[in-house]
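Everything below concerns the one structure shown next.
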Amino acid sequence: MSAPFDLNDDSVVVIVGSGAGGGTLGTELALKGIKVVILEAGQRHNMEDFINNEWDSFAQLAWTDMRTTSGSWRVHKNFPNLPAWIVKAVGGSSVHWAGASLRLQEHEFKTHSTYGGLEGANLLDWPITLKELEPWYAKAEDRMGVTRTNGIPGLPGNNNFKVFEAGAKKIGYKEVSTGRMAINSEPRADRGSCQQIGFCFQGCKSGAKWSTLIAEIPRGEATGNLEVRPQSMVQKIEHDASGKATGVVYVDKDGKTQRQKARIVAVAGNSIESPRLLLNSASNMFPDGLANSSGQVGRNYMRHMTGSVYAVFDKPVHMYRGTTMAGIVRDEAGFDTKRGFVGGYELETLSLGLPFMAAFLDPGGWGRSFTSAMDGYVNMAGLWIVGEDMPQETNRVTLNTSVKDQYGLPVADVHFDDHANDVAMRDHAYRQGTAMYEAVGAVRAMPTPPYPSTHNLGTNRMSEKPRDGVVNKHGQTHDVPNLFVSDGSQFTTGGAENPTLTIVALALRQADFIAGEMSKKTI
Amino acid sequence: MPTLIDRRGPSRRAVLGGIGAAGALMVSGAAVLNPREAWGLEVSALKPETMRTLIVMARDIYPHDRVPDRFYAIAVKPYEAAAAKDPATKTLIEDGVVTLDTLAKARHGTAYADLGWEDQRVAVLRQIEGGAFFEKVRSGLVVGLYNQEEVWPIFGYEGSSADKGGYIDRGFNDLAWL
């Protein structure tokens, strides 16, 4: 039988979410001949439909279903119902991502061993090593067409990169380039090369940027083994008396409640929705939520230590022209406690259009201090800081039972407080970013606070021991053998690197594991 | 400018004759007029004086000397429709302006919009900063002002680019001053 599959077909693998994790896993399983149904909460758009307008695109793509926030992070004050800037559409946040594709460093898989005990930080070593993941990183890089791997040339630098590179070199940084990007610098895999459009976050209209929407899912569908059902919001994962997952209940595009049976269920709804779904799936047998015997579901929420530095020069930059994030300094990515913190960070080029600059430069700010900065927009250069933040048990996604979504289910509340290490690292990065720009003549630099989170990680973390986390080294939940987690919520710790490449590598590895276990009939 | 009344033509001279010391924005009947920019904005749910104050307030919150009044007027114009639809919004805005004028008169004996210096008006705004009225107007402006495509060229932002072939042949790396 080929797709579409019957609701009562209990031989299918059901994947919740179609982003970097779910879309890759589903495609890879389909290529192996395994039947897959992906249930995606959002709509399916074609790349031609993407909009080169920040607010219109936000309305088209962003996850704006009700969520709440708490904690001392500034996002709670300025964007109380928008903890994360992520996508609700087929392709998930791989539609929105900027394309930076970096491997985690060896020590970042062993933070507890490397950093030691750090007060308030729930550090833990990953149950896998870099060496174990390297073949999967290589496979992911080839598949995604990552520049500076597999003989693929780097992208050309845009104006924003020119300023960034000159400043970085002037203050002594050595590892400066247009980076490793899953954006074609030359035609590859039936996709053309980057047209320097500049709206990477709004969905790439040329198809040069890898996303599961255009580069994976169509390949999976071509096998006849993959069915993607858009506008299908999963409410609950069901299980039988033996504690095995049996399927999911979802609301379809017509608002009807459906039940899809499954042999295996994989959750890939991003680090906010995935734990929410597990918690909302509580039953008599699993009163604290599915796969939550450790009590770690929803905990250790990480969002990367982020921030931006924008600087105004006395001459035009036009930073918004061209690839948004093709520019990186890696000199600060390593582990060096002389700087006053553990972990490291990357500096990456970034630009926002005028409408989003107004919203994010200094949320809530007004008056001449704000507007004179905006007046310098055309002369502005910008960079983003992305570093390792500390997992904390109290930073967590919980169910807010007093606020319900359109289906009547409790919404996710996202609580976050910076760890002192996060603050020290951010301050360091602000100083370095400012120094870079001042070295090449910036007349004014602006340390800009973190945006709503784009890198949501850690809420169903991998652990060797069941008591320390939610899933094992294959993303298989410790408690339910045919229930998997396939997104960034598996991350034991965050590393300093943009997470998508690691999510894809883990999904490819997990597909092999699932296929192997299925043929052995262990699940 | 579809949302504003075009005041170009015969009426313009007559209006110009009415400019006083209070600035470029004046109230005539049920409309706010800007003779210099040749537009007018009619209101019915809100008082015209209130709309005039909102336009002044919009510029004081996000002052861009190169941005004409009409863009600030477009940014606050939706409050007219919102006030017509929702009595609570109408009350929030009308009462907010009354408070603003009361505070301005207490300091300087003059209504807020008639204070001569931006600094004086901003000092009054600082007194209501964080309140419901101020935050409604300020947060609305973030999108209402900066998301007007006609405003973008003033800031040097070029907007949509895929329809023009991206910047690959249009200067993505044309910076030469370094």
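The values are calculated or read from the model by the stated rules, or taken from the named source; none is laboratory data. Just so it is clear, the structure is predicted and the values come from calculations on it, not from any experiment. Don't worry about glycine lacking a Cβ; one is built from the backbone with ideal geometry, like all the others, and counts go over all protein chains shown.
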| Candidates B:Val97, B:Val143, B:Val137, B:Val122 - the one that is in a helix (DSSP H, G or I), at pLDDT 95 or above, facing chain A (nearest Cβ under 9 Å) and more than 30 Å from A:Gly322 (Cβ to Cβ) | B:Val122
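Go through A:Lys162, A:Lys131, A:Lys139 for me and flag whichever is within 14 Å of chain B (Cβ to nearest Cβ) and either assigned to a helix (DSSP H, G or I) or within 30 Å of A:Arg299 (Cβ to Cβ) (or both).
Result of the check over A:Lys162, A:Lys131, A:Lys139: A:Lys162.
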| query | Is the range A:235-247 home to any residue that is surrounded by fewer than 24 Cβ atoms within 10 Å (Cβ to Cβ), under 28 Å from A:Ala59 (Cβ atoms) and not aromatic (Phe, Trp, Tyr)? | reply | yes
| message | Could you go through the range A:383-398 and let me know if any residue there is in a loop (DSSP other than H, G, I, E, B), within 14 Å of chain B (Cβ to nearest Cβ), crowded, with 21+ Cβ neighbours inside 10 Å and among the aliphatic types (A, V, I, L, M). | response | no
| note | Expected single match for modelled with pLDDT of 95 or more and out of contact with any strand residue (DSSP E or B) (no Cβ under 9 Å at 6 or more places or on another chain) among A:Thr178, A:Thr149 is A:Thr149
| Residue satisfying condition, being out of contact with any Pro (no Cβ under 7 Å at 6 or more places or on another chain), over 30 Å from A:Ala262 (Cα atoms) and either at pLDDT 95 or above or not aromatic (Phe, Trp, Tyr) (or both), within set A:Leu39, A:Leu82, A:Leu104, A:Leu61 | A:Leu104
| task | Could you please tell me which pairs satisfy a Cβ distance under 7 Å, a separation of 6+ or placement on different chains, a first residue in the range A:226-237 that is at negative phi, and a second residue that is of a type in the set (Phe, Trp, Tyr) and assigned to a strand (DSSP E or B)? | result | A:Ser232/A:Tyr250; A:Met233/A:Tyr250; A:Val234/A:Tyr250; A:Gln235/A:Tyr250
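Here is a yes/no grid of residues against (1) in a loop (DSSP other than H, G, I, E, B); (2) under 20 Å from the mean Cα position of the chain (by Cα):
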| position | (1), (2) |
| --- | --- |
| A:Phe58 | no, yes |
| A:Thr64 | yes, yes |
| A:Ser72 | yes, no |
| A:Leu104 | yes, yes |
| Residue list for the range B:150-178, filter: more than 8 Å from chain A (Cβ to nearest Cβ) and either touching a His at 6+ places or on another chain (Cβ under 8 Å) or exposed (fewer than 13 other Cβ atoms within 10 Å of the Cβ) (or both) | B:Glu150, B:Pro153, B:Ile154, B:Asp169, B:Ala176
| message | Any residue that is under 21 Å from B:Leu33 (Cβ atoms), of a type in the set (Gly, Ala, Ser) and more than 11 Å from the chain's Cα centre (by Cα) - is there at least one of those in the range B:82-89? | response | yes
| query | Hey, among the residues in the range A:42-63 that are in contact with a Phe, Trp or Tyr (Cβ under 8 Å, 6 or more places away or on another chain) and closer than 17 Å to A:Gln406 by Cβ, which one's farthest from the other protein chains (Cβ to nearest Cβ)? | reply | A:Gly42
| Extreme residue, nearest to the other protein chains (Cβ to nearest Cβ), among residues of the range A:74-96 that are assigned to a helix (DSSP H, G or I) and either closer than 15 Å to A:Ser211 by Cα or free of Cβ contacts under 8 Å to residues at least 24 places away in the same chain (or both) | A:Ser94
| said: Can you name every one of the strands (runs of 3 or more DSSP E) wholly within the range A:175-253 that holds 2 or more residues which are within 23 Å of the chain's Cα centre (by Cα)? | reply: A:226-229, A:233-239
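Quick grid of which residues meet (1) within 14 Å of another protein chain (Cβ to nearest Cβ); (2) in contact with a helix residue (DSSP H, G or I) (Cβ under 7 Å, 6 or more places away or on another chain):
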{"residue": "A:Ile171", "(1), (2)": "no, yes"}
{"residue": "A:Ser177", "(1), (2)": "no, no"}
{"residue": "A:Ser185", "(1), (2)": "yes, no"}
{"residue": "A:Ser193", "(1), (2)": "yes, no"}
{"residue": "A:Phe201", "(1), (2)": "yes, no"}
{"residue": "A:Gly207", "(1), (2)": "yes, yes"}
{"residue": "A:Thr212", "(1), (2)": "no, yes"}
{"residue": "A:Ile217", "(1), (2)": "no, yes"}
{"residue": "A:Ala222", "(1), (2)": "no, no"}
| query | Quick one: which of B:Lys77, B:Lys105, B:Lys85 is out of contact with any helix residue (DSSP H, G or I) (no Cβ under 6 Å at 6 or more places or on another chain) and closer than 20 Å to B:Ile154 by Cβ? | reply | B:Lys77
| request: Show the residue pairs that are 6+ apart or on different chains and have beta-carbon atoms under 7 Å apart, the first residue being within the range A:28-51 and among the aromatic types (Phe, Trp, Tyr), the second being crowded, with 17+ Cβ neighbours inside 10 Å. | output: A:Phe50/A:Ser57; A:Phe50/A:Gln202; A:Phe50/A:Gly203; A:Phe50/A:Lys205
| So, of the residues in the range A:331-378 that are more than 14 Å from chain B (Cβ to nearest Cβ) and part of a helix (DSSP H, G or I), which turns out to be surrounded by the most Cβ atoms within 10 Å (Cβ to Cβ)? | A:Arg339
| request: Tell me, please, whether a residue that is surrounded by fewer than 21 Cβ atoms within 10 Å (Cβ to Cβ) and in contact (Cβ under 8 Å) with a residue 24 or more places away in the chain can be found in the range A:11-22. | output: yes
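Does A:Asp427 satisfy being closer than 30 Å to B:Leu175 by Cβ and either at pLDDT 95 or above or of a type in the set (Asp, Glu) (or both)? Spell out how you get there, then give the answer.
Working: closer than 30 Å to B:Leu175 by Cβ: yes; either at pLDDT 95 or above or of a type in the set (Asp, Glu) (or both): yes.
The answer is yes for A:Asp427.
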| said: Just to be sure before I move on: is A:Tyr407 of a type in the set (Phe, Trp, Tyr), surrounded by fewer than 23 Cβ atoms within 10 Å (Cβ to Cβ), on the phi < 0 side of the Ramachandran plot and not in a strand (DSSP E or B) in the structure I sent? | reply: yes
